[in-house]
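Trainee: Before I ask anything, here is the structure I am working with.
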Amino acid sequence: MEKNLAQVIYGKYAEFSKTEKRIADYILGNQQGIPYETLAQCAHGCQTSEPSIMRFVKKIGYTSFVEFKREVLKFDFQKKQKRLAEDEINAFVNMEEAFVKKDASFPEMANTMVDQMSTMVQNVTQMLDLDKIWDIVQHMIHAKRIDLYGVGYSGNVVNEFMFRLVKLGLDCRVYREDSWAQIGKPVITKEDIAIGFSYSGETITTIDAIRYAAEVGAKTVAVTGNPESQLVKKSDFAIFTPKVNSDLMNFSMATCIGQMVITDILYLGILSADWDNFMSAWVKFTSPIGE
């Protein structure tokens, strides 16, 4: 490819329909996993139909989904060689051993998966700057409202995080896909905090949401696996998750687990900041109606 996938999609993004933008965001946020997905899996991840995926693929210059995946895989391999030196010196841990292998038995795959997920949790905690986390927690509990942004796998994480924060009595809302533009954009203020989740750090709708939040004066936080991403550059704070390999079964689970560990730590930070107040809200929220 003369241009990488991100450049091709960015160049045509303004021309895309709402559905095509959702597909584009999913692909940019999951570029390492795309070569290992079937058309049906990709459609499910984008929450759209298989024909919509095919129309998108053809619109950006490919004749088939297989050809598109082949080019994505070739690009990732070429870029991986160029990044080896960087990976040796940065703070991220690469989990290179894929566990989905033709000759592996089911117990071998299951045990390796558990080991790698445990390693992911350990790597997240080793990378955390708890002083920075505490600063973010303080901004969260003093904010008028907490806005969470996420697409695809990250969208599932922020949705769960929102439920937990609401139980603590915090005003928290989630914006997935393009909903922030219609709902969140007009109401976010400098009294709020915006947190964007994107493993790649290049999800366009999440970047746009964080950029706008920064423009109105809200505090902004990036949760990502890419320290050089646009999401980090637009944010006041950044929390990093470890890099993972592109194995089909490992990629989505590992990235979600990394993000979920971070949400757990933020949640515990909020509790510890004012245990009695937040626990009282939690008990009230979870008590049966009438008690």
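Trainee: Identify all residues within segment 134-159 that are of a type outside the set (Gly, Ala, Ser), open to solvent by 10 Å² or more (accessible area, probe 1.4 Å) and at pLDDT 95 or above; write none if there are none.
Mentor: Hits for segment 134-159 are Trp134, Asp135, Gln138, His139, Ile141, His142, Lys144, Arg145.
Trainee: Can you confirm whether segment 235-252 contains a residue that is open to solvent by 40 Å² or more (accessible area, probe 1.4 Å), closer than 30 Å to Asp115 by Cβ, in contact with a strand residue (DSSP E or B) (Cβ under 8 Å, 6 or more places away or on another chain) and at pLDDT below 90? Write out each step before concluding.
Mentor: Within segment 235-252, the subset open to solvent by 40 Å² or more (accessible area, probe 1.4 Å) is 236, 240, 248-249.
Filter once more, so that each one left must be closer than 30 Å to Asp115 by Cβ: 240, 248-249.
After this cut, where a residue has to be in contact with a strand residue (DSSP E or B) (Cβ under 8 Å, 6 or more places away or on another chain) as well, the list is 240.
Restricting the remaining residues to those that are at pLDDT below 90 gives 240.
Yes, that holds for at least one residue.
Trainee: Another question, then. Looking at Lys219, Lys185, Lys190, Lys167, which is the one that is out of contact with any Gly (no Cβ under 6 Å at 6 or more places or on another chain), at pLDDT 95 or above and either closer than 22 Å to Leu28 by Cβ or charged (D, E, K, R) (or both)? Even if it seems obvious, please write down each step before you answer.
Mentor: Values: Lys185 fails: at pLDDT 95 or above; Lys190 fails: out of contact with any Gly (no Cβ under 6 Å at 6 or more places or on another chain); Lys167 fails: at pLDDT 95 or above.
Going through Lys219, Lys185, Lys190, Lys167 in turn, the sole match is Lys219.
Trainee: Please work out which residue is nearest to the chain's Cα centre (by Cα), limiting yourself to segment 264-285 and to residues that are part of a helix (DSSP H, G or I) and charged (D, E, K, R). So that I can check it myself, show each step before the final result.
Mentor: Step one: of segment 264-285, the residues part of a helix (DSSP H, G or I) are 264-273, 275-285.
Cutting the leftovers down to charged (D, E, K, R) gives us 264, 276, 284.
Working: Asp264: 15, Asp276: 32, Lys284: 31 Å.
Ranking the qualifying residues of segment 264-285, first place goes to Asp264.
The values are calculated or read from the model by the stated rules, or taken from the named source; none is laboratory data. Everything numeric in this text was worked out from a predicted model, so none of it was measured. For neighbour counting, all protein chains shown are included, and Cβ atoms are generated from backbone atoms with ideal geometry for every residue, glycine included. Protein only, heavy atoms only, side chains kept; ligands, DNA and RNA dropped before computing areas. Shrake-Rupley method; radii C 1.70, N 1.55, O 1.52, S 1.80 Å.
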